[in-house]
Amino acid sequence: MTFDPLRIRSEFPALDQNVNGKPLVYLDSAATSQKPRHVLRALDDYYERDNANVHRGIHELSRRATEGFEEARGKVARWIGASDPAEVIWTSGTTGSINLVASAWGLDNVRAGDEILLSVLEHHSNIVPWQLLARRTGAKLRYVEIDEQGRLILDDLDSLLTDRTKVVAISHVSNALGTVNPVKRIAAAAHARGAVVVVDGAQGAVHTKVDVQDLGVDFYALSGHKMCGPTGSGALWGRRDLLEAMSPYQGGGEMIHFVHRDESTWAELPHKFEAGTPNIAGAIGLGAAVDFLSEIGMDAIQAHERRLMEYALEKVGALDGIRIYGPESLDEHSAVVSFTLGDAHPHDISTILDAEGIAIRAGHHCAQLVMKRYGVSATARASFYLYNTEEDVDRLVEGLGLVVGIFG
Ligand code: PLP
């Protein structure tokens, strides 16, 4: 099928509206993506026809809900190249997934004096859970630095990895700069030292073809709402042997086998990590999002985003006073243009663009270590997805022209 951005765009009802009297240009998909009709319909269908709790009732609605819920797990497993759906745990998103690993795997395996290797490129979701673990255990945090283009400086990797390194937690794609990290290479180096590799895939599963087996990682975290799915949906993939050896994260219904007075035994994977009533609609909606994206094809989506980035970097890059942060090579730079413009504060840039119906994000993007690296408190960020077009870029550039007019 040929990739037709206008047809794809027409599947997203929220994009078809005026904001402040102008047609909406949505360039904030790195924060959350818009949702296609296919996903909205799946949510409606579930609530209108199949709404029941999963795995519990011996009745038709519960059977249907369970079937939809478990089918969705299989779809997510296939999307990321996992061979076994039982290795996919439903979570509330990347934050939930990383907290699960840092807490459940971390408390079982990390001790005082051990080291946790992160990078300064990380979203706070892939820093703070590890800080909490370090505080509880007495482990030490170490960081891979980034160069001027926002790429990890991997020359130091061999000295940063030591026999005390228990875990390397790294993002697949940076939300603040768009940097695509060489996860496979990092995973191989980490494994050579016996460390476990946790990947923050919040932006990775959105913009790259993910194959967890090929990447050779141990855990991969993703958010449904960034890839056309509902908010509050997400998943953690983990290697079966690690998940089986781990203590549960939360206790409650569904995650037990037997409950005795003083102790309990645990359910099989994946249920051991899914205490309580899960986000059933969210999981089914995420499954529908995977169907929608699979139908279009990740290769076509990636090629479209690359063309758009090429166009955006050229047009935005030509503005007076612009500074774009992130890698120069499109092989290493995913669908985010992070920038400052002269003396204009990013919040002012965003406010002026909003008046033109253009939605971008301004701020530290939950990546304060990145901001600190460049000595800025914030950047403006335009992020692209499959439904954006060159016309959106043109509108952005026109809007930025107004910013230049006001701030000089
Ligand atoms: N990691 C990265 C790279 C992100 O971009 C985000 C969200 O912006 C997160 C983690 C957190 O994801 P969520 O808020 O869906 O848990």
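The values are calculated or read from the model by the stated rules, or taken from the named source; none is laboratory data. Values in this document were obtained by computation on a predicted structure and should not be read as measured data. Using ideal geometry, Cβ is built from the backbone for each residue, glycine included, and neighbour counts are taken over all protein chains shown.
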*Please tell me if Asp84 is surrounded by fewer than 22 Cβ atoms within 10 Å (Cβ to Cβ), away from the ligand (no atom under 16 Å from the Cβ) and at pLDDT below 95.*
no
_Cross-chain or 6+ apart pairs with Cβ under 7 Å, region 35-64 first and in a helix (DSSP H, G or I), then of a type in the set (Val, Ile, Thr)_ = Ala42/Ile284; Tyr46/Ile284; Ser62/Val54
_Filter result for Thr208 (within 16 Å of the ligand (Cβ to nearest atom), of a type in the set (S, T, N, Q) and surrounded by fewer than 24 Cβ atoms within 10 Å (Cβ to Cβ))_ = yes
*State all residues of region 323-366 that are surrounded by fewer than 17 Cβ atoms within 10 Å (Cβ to Cβ), without any contact (Cβ under 8 Å) to a residue 24 or more places away in the chain and within 18 Å of Glu398 (Cα to Cα); if no residue qualifies, say none.*
Arg323, Thr351
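Each row is one residue, and each column tells you yes or no for (1) farther than 23 Å from Ala335 by Cα; (2) buried (at least 17 other Cβ atoms within 10 Å of the Cβ); (3) of a type outside the set (Asp, Glu).
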| residue | (1), (2), (3) |
| --- | --- |
| Arg111 | yes, no, yes |
| Ile116 | yes, yes, yes |
| Leu121 | no, yes, yes |
| Ile146 | no, yes, yes |
| Leu161 | yes, yes, yes |
_Test of understanding: among Leu236, Leu242, which residue is within 12 Å of the ligand (Cβ to nearest atom), within 20 Å of Lys272 (Cα to Cα) and of a type in the set (A, V, I, L, M)?_
Leu236
*Among the residues of region 149-196 satisfying the criterion of being away from the ligand (no atom under 16 Å from the Cβ) and of a type in the set (Gly, Ala, Ser), which is farthest from Arg323 (Cα to Cα)?*
Gly194
*Do any helices (runs of 4 or more DSSP H) lying entirely in region 182-298 carry at least 3 residues that are within 27 Å of Asp163 (Cβ to Cβ), and which ones are they?*
183-192, 212-215, 240-245
*Within region 92-109, identify whether any single residue is surrounded by 21 or more Cβ atoms within 10 Å (Cβ to Cβ), among the small types (Gly, Ala, Ser) and more than 29 Å from Leu269 (Cβ to Cβ), and answer yes or no.*
no
*How many residues are charged (D, E, K, R) and within 16 Å of the ligand (Cβ to nearest atom) when one looks only at region 28-64?*
2
*region 333-348 - residue that is more than 25 Å from the chain's Cα centre (by Cα) and among the hydrophobic types (A, V, I, L, M, F, W, C) and, of those, nearest to Ser174 (Cα to Cα)*: Leu341
*Options Arg193, Arg135, Arg142; residue that is surrounded by fewer than 16 Cβ atoms within 10 Å (Cβ to Cβ) and not small (Gly, Ala, Ser)*: Arg135
*Across region 16-54, which residue is farthest from Glu254 (Cα to Cα) among those that are over 28 Å from the mean Cα position of the chain (by Cα) and surrounded by 15 or more Cβ atoms within 10 Å (Cβ to Cβ)?*
Asp50
*Please work out which one of (1) of a type in the set (A, V, I, L, M, F, W, C); (2) within 16 Å of the ligand (Cβ to nearest atom); (3) not in a helix (DSSP H, G or I) is the condition Ile116 fails and give its number.*
(2)
*asked:* Yes or no: region 397-407 includes at least one residue that is part of a loop (DSSP other than H, G, I, E, B) and either surrounded by fewer than 23 Cβ atoms within 10 Å (Cβ to Cβ) or at pLDDT below 95 (or both).
replied: no
_Hits in region 135-166 - residues which are more than 24 Å from the chain's Cα centre (by Cα), of a type in the set (A, V, I, L, M) and part of a loop (DSSP other than H, G, I, E, B)_ = Ala139, Leu161
*Selected residue [touching a residue at least 12 places away in the same chain (Cβ under 8 Å) and within 28 Å of Ile296 (Cα to Cα)] from Glu310, Glu398*: Glu310
*Determine whether Arg78 is of a type in the set (Lys, Arg) and either more than 22 Å from the chain's Cα centre (by Cα) or within 13 Å of the ligand (Cβ to nearest atom) (or both).*
no
*Condition check for Val128: within 16 Å of the ligand (Cβ to nearest atom), touching a strand residue (DSSP E or B) at 6+ places or on another chain (Cβ under 7 Å) and modelled with pLDDT of 95 or more*: no
